[in-house]
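Worksheet for the structure shown next.
The values are calculated or read from the model by the stated rules, or taken from the named source; none is laboratory data. The structure presented is a predicted model; accordingly, all values stated were derived computationally and were not measured. All Cβ positions, even for glycine, are placed from backbone atoms using ideal geometry, and neighbour counts span all protein chains on display. Surface accessibility is based on the protein's heavy atoms, side chains included, excluding ligands, DNA and RNA. Shrake-Rupley method; radii C 1.70, N 1.55, O 1.52, S 1.80 Å.
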Amino acid sequence: MVYSTNPDFEYTTAQAEEPETLPPVQQELRVWLDRKQRGGKVATLVRGFVGRSDDLTALARLLKTRCGVGGAAKEGEIIIQGDHRDRVVEILTQSGYRCKKAGS
């Protein structure tokens, strides 16, 4: 930010536009199992979502509710506590998403 003595000066920032959310049929999601940087605890990761962060949060809420566990949606991925890969793949497939189990 730059200091200005101009009383009409308006500070604006360039905000990156979020990509438009693709329909579930066009989404290609990957479901991972992750143990790193979690204190030895296991987490299921869903990556590859293309769309707005509000839609990502809504999908995370659906997965957390249906699996009955906690989690988060941040940095373009969904984190579900515990090993729920099979259940997550089943829920996503029923919702119309294309998804694969990847890496362990």
Practice prompt. Scan (1) in contact (Cβ under 8 Å) with a residue 60 or more places away in the chain; (2) touching a Leu at 6+ places or on another chain (Cβ under 8 Å) for the single condition Gln27 breaks and write down its number.
Written response: (2)
Practice prompt. Scan the range 1-18 and report the pairs whose first residue is within 28 Å of Ser53 (Cα to Cα) and whose second residue is at pLDDT 70 or above, with Cβ atoms within less than 6 Å and a gap of 6+ or a chain change.
Written response: Glu18/Arg52
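Matching residues to (1) within 13 Å of the chain's Cα centre (by Cα); (2) exposed (fewer than 11 other Cβ atoms within 10 Å of the Cβ):
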residue: Thr5; (1), (2): no, yes
residue: Glu20; (1), (2): no, yes
residue: Arg30; (1), (2): yes, no
residue: Arg35; (1), (2): no, no
residue: Gly40; (1), (2): no, yes
residue: Thr57; (1), (2): yes, no
residue: Ala60; (1), (2): yes, no
residue: Val89; (1), (2): no, no
residue: Lys101; (1), (2): no, no
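Counting only residues that are under 15 Å from Arg35 (Cα atoms) and either free of Cβ contacts under 8 Å to residues at least 12 places away in the same chain or part of a loop (DSSP other than H, G, I, E, B) (or both), how many does the range 72-82 have? Show your work before the answer.
Residues of the range 72-82 under 15 Å from Arg35 (Cα atoms): 78-82.
Add one more test, that the residue is either free of Cβ contacts under 8 Å to residues at least 12 places away in the same chain or part of a loop (DSSP other than H, G, I, E, B) (or both), and what stays is 82.
Selection size over the range 72-82: 1.
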Practice prompt. Can you work out which of the residues in the range 73-87 that are touching a Ser or Thr at 6+ places or on another chain (Cβ under 9 Å) and open to solvent by less than 70 Å² (accessible area, probe 1.4 Å) is farthest from Thr21 (Cα to Cα)?
Written response: Gly82
Worksheet entry | Evaluation of Gly51 against (1) assigned to a helix (DSSP H, G or I); (2) open to solvent by less than 60 Å² (accessible area, probe 1.4 Å) (one fails), failing number | (1)
